[in-house]
Amino acid sequence: MKENNLHKNNFKVPENYFDNFTNEIMNKVQTEEPRKRFQLNAMKYATVAASVLIVLSLTFGLVKFNDNNKDQFSKNFDTNNIVNTNNNNIIVDNHYTDEYDELLDWSATMGLTDEELYILLSIY
Amino acid sequence: MNLQLKQLLKNQENLSNEKDKEKIIVKQLKNKSTKEAAFRSLVDLYKTQVYWQARRNVVVHEDADDIAQNVFIKIWQNVDKFRGDAKLSTWIYRITANEIIDFVNSKYKKQEFNSDDLDRVEQSLSEEYFSGTHIEKQFQKALLEIPPRQRMVFTMRYYDETPFKDIAEKLQLTVGAVKASYHHASEKMKRFLLEN
């Protein structure tokens, strides 16, 4: 073990630690670079794949949702009740508005910042 | 010529030598054909500064070594982004400071500082790694009780007697924030040492 001579510093380092350090770093950076490129490419492809999946699942989900709604319309309502159905939708919207308000009230009591609230709302 | 003046001239000579070396390294780092050799010179020039900055803040040799290696890998990966607005040494100092803060924060956030870590601290303060007295060991343990940024300010002031203004510049804080951090750190250190 070798002592360093810095002011008030009582730490010691293993023998030859600094002598070997440069070579170790040079070896690491030479092997690190291709790995980094691979990671970046992998990340890029993973992001693209995830985005495509999200878009596909959303599109599929919306189509299915619309189909279900159409089935629901045809089962429960005739064309004369469409206005009432729309009113029901408005009630549903109000229900969500209430929940948003509750969320806003809760965030105020929790002292969330605008950014935190934005993230929360985007998840919600 | 008296001894003090000789020392002053020698310091100034060293400082201008270091500045010249920095300039040459930065120029060579920008050139693909000389980048690797220049990086080797950079590691040689700054390895002790980076290592000791880390070691004084994390105490454990293996952790300081990990931090130092990560710092140089980050420098290698980001050296093209160095615009030269600050001195190379200051840029490296900031990268090291951020690496230390990230390391300490991740330990605390993940609650990874467990009995194994305490054993590692004890081992790092054993004769093999530390030559200080009992009170100096207690001092190092007290240091680990301080939040990372305060710890950084405290070590810069304590070991190198760095002026508050320079600490503020290196850590990109205001002088007031640096003084407050140093004051809080000193108080916490005193309290810990009195209690233990």
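A few comments on the model shown:
- From the largest down, the range B:33-73 spans 38, 15, 10 angstrom on the principal axes of its Cα atoms.
- Inter-label distance, A:GLN30 to B:SER89: 3.0 nm, where each label sits 7 Å from its Cα along the C-beta direction.
- For the set B:LYS19/B:LYS137; A:LYS28/B:LYS35; B:LYS47/B:LYS141, the pairs lying more than 27 angstrom apart at their alpha carbons are B:LYS19/B:LYS137.
- Once both labels are positioned 7 Å from their Cα atoms along Cα-to-Cβ, the gap between B:TYR159 and A:LEU56 label points is 5.4 nm.
- Pairwise centroid distance, computed over Cα atoms, of the range B:130-196 with the range B:19-91, Å: 24
- Rg/Rh for chain B, where both radii come from Cα atoms and Rh is the Kirkwood radius: 1.00
- Between B:ARG149, B:ARG55, B:ARG120, the Gaussian network model of chain B with springs among Cα atoms under 10 angstrom shows the greatest mean-square fluctuation at B:ARG120.
- FRET efficiency, 1/(1 + (r/R0)^6) with R0 30 Å, evaluated for B:LYS141 and B:HIS183 via beta carbons: 0.90
Quick note: the coordinates plus some simple rules give every number you see, no bench work behind them. Predicted model, so just to flag it, every value in this text is computed and none were measured. A quick note on method: Cβ atoms are made from the backbone with ideal geometry, for glycine too, and the neighbour counts reach across all protein chains shown.
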